[in-house]
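Novice: Input: one structure, supplied below.
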Amino acid sequence: MSTQQPVLQLQNLVRVHGSGATEVHALRGIDLAVHPGELVAVMGPSGSGKSTLLTIAGGLDMPTSGRVIVENTDITTAGLKELAALRRRSIGYVFQDYNLIPALTAAENVALPRELDGVSARKARVEALAALEEMSLGHLADRFPDEMSGGQQQRVAIARALVGDRRLVLADEPTGALDSETGESVLALLRSRCDAGAAGVLVTHEPRFAAWADRVVFLRDGAIVDQTVRSEADSLLTGQGQGPSWGQVAER
Amino acid sequence: MKTWFHSWRAAIRIARRDAWRAKGRSALVLAMIALPILGVSAFDLTYRSSELSPAEQMDRSIGAADARFLDARMGGVPLLQTPEGDNYAPAKDTGDGAWPTGPTDLDRAVPRGASVLTDSTGSARLTTRHGLLQAEVRELQAGDPVARGIMTLLDGRHPGKPDEVMATSHFLKTSGLTVGSTVSARNFDRPYRIVGSYELPDELESLQINALPGAFLAPYAKAVEKSGLPAPESSTSYLVRHRGGFTWNTVQQINAMGVVVMSRAVVLDPPADSEVPLYKKEGWGNYGTSAAANAAELAAAGTVVGLAMLEIGLLAGPAFAVGARRSRRQLGLVGANGGARSHIRAIVLSGGLVIGVAAALVGTVLALILTLALEPYLEELMGQRFGAFDIRPLELLGIALIAVLTGLLAAVVPAVTASRQTVLASLTGRRGVRRSSRVLPLVGLGALLLGGTIALYGSVMSDEFMIVAGGSAIAELGVVAMTPALVGLFGRLGRWLPLAPRLALRDAVRNRGRTAPAVAAVLAAVAGTVAVSTYGASRDAQSRAEYEAMLPHGAVSAVVLEEGGRDVPAVREAVERNLPVDVRADVERVQVGKLGCPPWGGGPGCGRYELVVPKANECPLYVRVPGGGDASEKYAPEQRRKLLTEDWRCEQNGNGGNMHVEGGLLVGDAKLLKVLGIDDAGAEKALAEGKIVTFHRPLIDRNGTLGIKRVTDTVAADKAMEKGLPAPGEVSPIPAYLVRGEPTSYGLQALMTPATAKAAGLTTVPYGSYFSTDRMPDEEQRQKLDAELAKLGGSAEVHVETGFTDESSIVLLSLAVFAGLVTIGAAAIATGLAQADAEADLKTLAAVGAPPRVRRTLSGFQCGVVATMGVVLGSAAGVLPAMGLRLTEERQEIRFHEEALAEGWSLDVTPPYVPIVIPWETLAVLLVAVPLGAALLAALVTRSRGAVARRAVT
């Protein structure tokens, strides 16, 4: 674990949906910190609050109480505009599927957060191409999403999540719609980005994929029931799937 | 600023690609916006091109001359004219008296050193391949350089010899003649060879032939006079060329000699209004353009454009909403990647911008191409050649801008709606029922109340149409704004409906954001249609009630006024041959003066006659006052009213009819009474006894006779009239018989037999015939007759009494069709939107075991629900303002009627009839057929099997 300042900090996070008879406690006092270079996997059964955790961490939803601190900013007190700006500059999202905007090419998709931020189209494209090259995706730059495979789309989405100075990737089942081999390659890329200094939170229900993480957080009924660091997770998951060794990037 | 620009660029890129991906929807919206733009741009191009510059106008009317000198026919008295020379008046005030008459010496006005080309025109009935054709005869040396620009030679050459003419292409087409044929005129035995064809660029439809000066008009006039007919009239103007042209000062000097001048120099550089003495005369003014009229025109145009934009916006709006809804996940992704609400708005608005710009481009370019390609047809249609093809970039840009604005307008509501969604809801596809804005319906209610009050005030208190129309327009906009709230009211009906319509109605009501614009679009179109239809139907009913038959139903009259009834036998024969006639009553008319004189005199050697009203029988309101003046001024309004409505002397006897003779006096026999449906045994007996039969009691004097006064000197008679004295003339008293019971006599006031007329010393000429028919002549028979009569050169006047035929039904029908199309279009768009939304419901339905056809039924009902709500609201919103307008009209007509009675103006004394008629047929079509059709159509085009259900993203 790093001694650096955490990129993401969740403090006593509570989220209650509805009220009265329909009241549902999605999160009950979550505390979590994610540091640069760290990939945290969040696991748990359906309805345990995994996705809620991720949406609140990215400012797409607001907690009922508690604090969410991203890069030293408490986003629970930020306005809509500030939140949007934060998503442009600090937080990247990767969802299960349909991550890319069908009307834009890979490069334009990656450049989008920068362009929305007011960077000129040319400069944004240069940055996007650089990001794609860095992840060995340069050859996809001018393809539209419907001209790419699912795995390629997810990798472009990761590139977009980290373009510019963004250091936090929130990935919600990024491999859910992929076959296992492609899924591995996507996770390998995510792992490599974290090794390069980004902080990542990965929601998954496949232990095999969780094995890529430095730390696995188990959620049940909105509360953290268990945490394992990498070595423990390794042993924990032995026999359920042979996790590849760190740093190995497998391309399909 | 720069940041703003870059993020908009990204938005536009997304919108552009999206528009391209959804080609069908984009094309639909593009067409909706581009079509009106195409129409307006094409109109602008056509209008501007056909609008000639003053220089072009001058070329066409005076050729290469510096001025045209026109005879004002005021005997050479000094006059004042407008700079264009299109209007003039004597310089000296003539009071109430008539203007001086008489020819003017044009030569006197021509300055020394100027060259003159004469241009004369008259008319003649020319012989053609088919018969006779009334045409203009011109004598202009068309080959002279001075005349260049007036006539365009199309074929052949200019006439070079006195027996040669050239003819307009329209004349050749109409007459069936060609270059090389010969043409002559009736009563004229000299043949002319047609050596060329030409056109007048300003009057492509003109029937004209052109001969050398002096070659046609003068010999023709002589020949006509020789045959005992009055000589035809012709006029001559001078095309004058003079060094330095004619300035406004010179023009005014020439005006002093009684000559009107159309000067190129003055037209190209007109003097200020203050320098035009004519405008300073009482009753004159430069009415061309007043600021108020301009403002009113501008306001009207602005309203029309605004309403059209609103309607298109309402129609296209749902399409953008569909687009936004379909790409909800995409918008969510943008949000997840840091797109703020403004970015989401920008993306959806860019959709409108992209389509708007494309529509502007397509519309403008197509308008240019079409106008250019159709130029010859447009010129034929307008009857004049264009000047230069006139493209006004600023105007076209302005029109194009309207397209862009319309596109943006249509996307505003969807953009705001889309941006209000949370990113999470967009990403997960979660559907929440969004509360529609409460402000808009409140504003709408305000507008409705305000507009309604204004319109109510207009219809109940005033008789100003504008107040009612303006109030109605405001109220209508209010109703449109209230649509979301009104749609909510329909939701309560849902409880009693079966599953599919209930689901459709609930869905429509719960998703007002998409239902309301479509309903509003239908509402606006239907309201307009219903308003116009109601008004039109009411007008029709009024016209039907006010219609005055000229003859009994099915009867035919055929009369000839010209040349002493020379064509009467031919006309009678033609009518008998072509129409199913039964009884034929031949009639003659009394003629005073030369044989060829028209009724009411006119021309040298022509007189007229009067039916004398004995002094004792004159209506006190109309008694002639010596020295002029109004007899009715002696009476109070109430007295006038009483005289008009109760005194027999003031009774009008003019129940319809179209007698073209003085006093409605005809010479004929009892057959005429039969044709006119007048059954009076006494009248027949009286005719046989040599009496004159009359329908107008005041014409009979104490001795039981009716006097016919022959006025031979019309000039002396006019002078006496001015002084309020009776016209001088010899009176023939004839024993009279009055037909009692006031039968409808169709304008006939008196009838006597030829023998009676002869005995009274009156000359008669053939006038024509009245026919009764076995059955109503059909269209084919009438067209055949028209064609035969046309060969006589149009001298016969034929009337077939077919009763009232309403002309507005076609307009009403096309309006109903238009509203129907808008309704179906709007409902279809709304249905498409509902379908896009309802996918999840349909999957649920399928999962609980609903058969596949439920999908069809549901979409049918969704479409039907939107259409029904629109037409129900629209019909209500349309009927009321039309009723308001009618009430205003009724009040106005009653006021006019009362005023007329009070002033003592003779008028129909029955009070005006202003009914309000609801066009039930149109309403039925709109209320029943259109929603039903829309529903069936939607059901038909919906696939009953949806895509295989897939678990949505959680």
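Every number in this text was worked out from the coordinates using simple rules, so none of it is lab data. Bear in mind the structure is a predicted one, so any value in this text is a computation, not a measurement. For neighbour counting, all protein chains shown are included, and Cβ atoms are generated from backbone atoms with ideal geometry for every residue, glycine included.
Novice: For B:K173, which lysines qualify as cross-link partners when the Cα separation must be under 22 Å and same-chain residues fewer than eight apart are set aside?
Specialist: B:K784, B:K791
Novice: Mind checking the full-extension length gain between B:Q892 and B:T453? Use 0.36 nm per residue of separation minus the Cα-Cα distance, one decimal, nm.
Specialist: The B:Q892-B:T453 span can extend by a further 156.1 nm.
Novice: Taking 25 °C and 0.890 mPa s as the conditions, I'd like the Stokes-Einstein D for the protein assembly as shown in µm²/s, using the Kirkwood hydrodynamic radius from alpha carbon pairs.
Specialist: Estimated diffusion coefficient is 63 µm²/s.
Novice: Show me, for region B:54-59, the HN-Hα J-couplings you get by feeding each phi into the Karplus relation (A = 6.51, B = -1.76, C = 1.60, θ = phi - 60°), rounded to Hz, glycine and proline as x.
Specialist: The phi angles translate into x, 5, 4, 4, 5, 4 Hz.
Novice: Mind scanning B:K723/B:K758; B:K615/B:K674; B:K615/B:K709; B:K594/B:K719; B:K92/B:K594; B:K634/B:K723 and naming the pairs with a C-alpha gap bigger than 25 Å? Before the final figure, lay out each step's value.
Specialist: Details: B:K723/B:K758 33 Å; B:K615/B:K674 33 Å; B:K615/B:K709 14 Å; B:K594/B:K719 22 Å; B:K92/B:K594 36 Å; B:K634/B:K723 19 Å.
Exceeds cut-off: B:K723/B:K758; B:K615/B:K674; B:K92/B:K594.
Novice: Moving to a separate point now. With a cap of 11 neighbouring Cβ atoms within 10 Å, and only residues DSSP puts in a loop, list the chymotrypsin sites (Phe, Trp or Tyr not before Pro) found in region A:192-233. Could the numbers behind the result be given before it?
Specialist: On the way: sites: A:F209, A:W212, A:F218; in loops: A:W212.
Here no loop site has a sparse enough neighbourhood.
Novice: Using only Cα atoms and rounding to the nearest 10 degrees, what angle (0 to 90) does helix B:779-790 make with the longest principal axis of chain B?
Specialist: The answer is roughly 40 degrees.
Novice: Which distance in Å, rounded to a whole number, links the C-alpha centroids of region B:145-215 and region A:59-100?
Specialist: 87
Novice: Another question about this same structure. What do you get for the angle between helix B:568-578 and the principal long axis of chain B? Use alpha-carbon atoms, 0 to 90 degrees, nearest ten.
Specialist: Rounded to the nearest ten degrees, it is 40.
Novice: What number results when the radius of gyration of region B:556-800, computed over Cα atoms, is divided by 2.2 N^0.38 Å? The partial results should precede the final answer.
Specialist: On the way: Rg = 19.3 Å, N = 245, 2.2 N^0.38 = 17.8 Å.
It is 1.08.
Novice: Divide by every residue of the protein assembly as shown the summed helix terms, -39500 (n - 2.57) for each DSSP H run of at least 4, and state the resulting mean residue ellipticity at 222 nm, rounded to the nearest 500 deg cm²/dmol.
Specialist: -15000 deg cm²/dmol
Novice: Give me, ordered by chain and number, the residues 5 or more places off B:Y767 or on other chains with an amide H under 5 Å from its own placed amide H.
Specialist: Under 5 Å from the amide H of B:Y767: B:V587, B:E588, B:R589.
Novice: Between A:S120 and B:V928, what is the spin-label point distance in nm, taking each point 7 Å from the Cα along the Cα→C-beta axis?
Specialist: For the pair A:S120/B:V928, the computed spacing is 6.9 nm.
Novice: Pairing rule first: another cysteine's C-beta must sit under 4.7 Å. Under that rule, which cysteines of chain B stay single?
Specialist: Singleton cysteines: B:C863.
Novice: I've got another one for you. Relative to the longest principal axis of chain B, what angle (0 to 90°, nearest 10) does the C-alpha long axis of helix B:291-326 take?
Specialist: Its long axis makes an angle of about 30 degrees.
Novice: Let me ask something else. Name the residues whose placed amide hydrogens come within less than 5 Å of the amide hydrogen of B:Y609, ignoring near sequence neighbours (fewer than 5 apart) on the same chain.
Specialist: B:W600, B:V711
Novice: Neighbour counts of other C-beta atoms within 10 Å: give me B:C606, B:C597 arranged from fewest to most. Please report the intermediate quantities before stating the final value.
Specialist: Details: B:C606 20, B:C597 24.
Ordered by Cβ neighbours within 10 Å, fewest first: B:C606, B:C597.
Novice: Cα-based Rg (one decimal) and Dmax (whole number) for chain B, in Å?
Specialist: So, for chain B, Rg and Dmax equal 36.5, 112 Å respectively.
Novice: Measuring from centroid to centroid over Cα atoms, what is the spacing of region B:855-869 and region A:165-199 in Å?
Specialist: 47
Novice: Most mobile of A:A21, A:A106, A:A198 per a Gaussian network model of chain A (Cα springs, under 10 Å)?
Specialist: Highest fluctuation among the options: A:A21.
Novice: State, to one decimal in nm, how far the label point of B:L361 lies from the label point of B:D189, with both points 7 Å from Cα in the Cβ direction.
Specialist: Modelled inter-label distance: 7.5 nm.
Novice: If you don't mind, there's one more thing I want to ask. Work out from phi, with θ = phi - 60° and the Karplus expression 6.51 cos²θ - 1.76 cosθ + 1.60, the ³J(HN,Hα) of each residue of region B:124-141, listed in order in whole Hz, and give x for Gly and Pro.
Specialist: Per residue, the Karplus-derived 3J(HN,Hα) values read 8, 8, 8, 7, 10, 4, 8, x, 10, 9, 6, 9, 8, 10, 10, 10, 9, 5 Hz.
Novice: Can you give me the long-range amide H partners of B:G156? Hydrogens built in the peptide plane at 1.01 Å from N, cutoff under 5 Å, separation of 5 or more residues or another chain.
Specialist: When sequence neighbours closer than 5 places are left aside, the close amide H contacts are B:S197.
Novice: Scan region B:172-249 for trypsin sites (Lys or Arg not before Pro) in coil per DSSP, keeping those whose Cβ has at most 16 other Cβ atoms within 10 Å, and list them by number.
Specialist: Those satisfying the criteria are B:R243.
Novice: Using label points projected 7 Å from each Cα along Cα→Cβ, tell me how many nm separate B:D105 and B:Q639, to one decimal.
Specialist: Simple spin-label model gives 5.5 nm for this pair.
Novice: Highest mean first, how do B:682-692, A:140-150 rank when packing is the count of other Cβ atoms within 10 Å averaged over residues?
Specialist: Working: B:682-692: 18.0, A:140-150: 15.8.
Highest-to-lowest ranking by the protection proxy: B:682-692, A:140-150.
Novice: Each residue of region B:549-566 in turn: what ³J(HN,Hα) in whole Hz from Karplus with 6.51, -1.76, 1.60 and θ = phi - 60°, glycine and Pro shown as x?
Specialist: 5, 8, 8, x, 3, x, 6, 10, 10, 9, 10, 10, 9, 8, 6, x, x, 4
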